[in-house]
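All of the numbers you see were taken from the coordinates with simple rules; none came from a lab. On a predicted model such as this, the values are computed, not experimentally measured, just so you know. No Cβ is skipped: glycine too gets one built from the backbone with ideal geometry, and neighbour counts run over all protein chains shown.
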Amino acid sequence: MIAGLAPGEERTFARSILAARSEGRKLQPISNTRLLSPAEAESIARAIIDIRLAAGESITGAILSEDEDLSYLTNKQIVESAPSILVEGRVSPVVIRSAGRTHLGLLISDRLFERGRREDQLASGSGAVAVIVGPEIPFHGEATLRLDNERSVIKDLTAIKTPDLGLEWAVSAPLLYPTSWERGSTVVVDLQGPTKVSFSARRL
């Protein structure tokens with residue numbers, strides 16, 4: 001086991017993560033060969049963003065994971081439909097803030113690493129692949145969020161943590177445990193309360 005990263009090695013791992021995502025294949029955990037600190041794992045995630053920026057993308061959003069780890073989204077990760085290539089694709093409802101408005105949305109994530117540690121997830125940007133922005137939520141009072149058989153009672157959407165970094169989009173942590181999203185299947189999210197909202201998306 002090698003401790004830490006050699007100079008420039010974070011970009012090497014970042015490129016391998018991006019290549020695996022584009023090709024739809026799994027990777028061996030980085031933690032199998034490297035003893036990474038959370039900061040070193042995050043440097044790999046930052047290198048992924050740097051590579052995207054060098055390709056002409058721009059940072060437009062931030063997302064908070066279940067463990068309250070912050071990662072960033074580029075303009076090409078705010079999408080209208082799910083990517084066709086996903087490694088163990090998963091989906092979960094999220095709350096998205098933009099310009100004073102609140103939207104219901106879907107966080108699309110993957111599982112690139114077999115039996116990886118938290119540092120492996122951090123290195124991959126906490127598994128966040130893309131976000132689908134859904135309808136605006138005119139919310140007041142209590143509501144029940146439902147995806148398949150999972151339910152969550154929400155008492156105050158304004159209390160849900162979202163990063164406030166002056167970016168166009170701020171995405172909450174997943175509001176329900178991520179559900180597997182197979183190719184060709186449709187997920188439907190219902191928000192039942194004073195205002196009923198239904199949001200569906202199909203993975204091609």
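Residues in region 103-112 carry Karplus couplings, in order, of 10, 8, x, 10, 8, 9, 10, 9, 10, 6 Hz; the curve used is 6.51 cos²θ - 1.76 cosθ + 1.60 with θ = phi - 60°, and Gly or Pro positions show x.
Sorted from largest to smallest, which semi-axis lengths in Å does the alpha carbon gyration tensor of region 2-202 give for its equivalent ellipsoid, taking the root of 5 times each eigenvalue?
Numbers: eigenvalues 182, 61, 47 Å².
Over the Cα atoms of region 2-202, the ellipsoid semi-axes are 30, 17, 15 Å.
With the charge dipole of region 2-202 set up from +1 on Lys and Arg Cβ and -1 on Asp and Glu Cβ about the Cα centre, the Cα lying farthest toward the positive end among the listed residues Thr60, Phe113, Ala123 is that of Phe113.
In nm, to one decimal, how far is the modelled label at Ser200 from the one at Ala99, with both set 7 Å along Cα→Cβ? The modelled label-to-label distance comes out at 2.9 nm.
Placing +1 on each Lys and Arg Cβ and -1 on each Asp and Glu Cβ, with no other charges, gives region 1-105 a dipole about its Cα centre of roughly 300 debye. What residues from region 1-26 fall in the zone where the backbone N is under 14 Å from a label point 7 Å along the Cα-to-C-beta line of Asp50? Within reach of a label on Asp50: 5-16. GNM remark for the chain: springs join alpha carbons under 10 Å apart, and the peak mean-square fluctuation among Val79, Val189, Val87 falls on Val79. Once you charge only the Cβ atoms, +1 for Lys and Arg and -1 for Asp and Glu, what is the size of the charge dipole of region 44-200 about its Cα centre, to the nearest 20 debye? So the magnitude is around 120 debye. Once the Cα atoms are used to define both axes, helix 38-54 deviates from the longest principal axis of the chain by about 80 degrees.
Answer with one residue from Leu145, Ala3, Leu70: the one whose Cα lies farthest towards the positive end of the charge dipole of region 2-202, charges on Cβ with Lys, Arg +1 and Asp, Glu -1. Value: Leu145.
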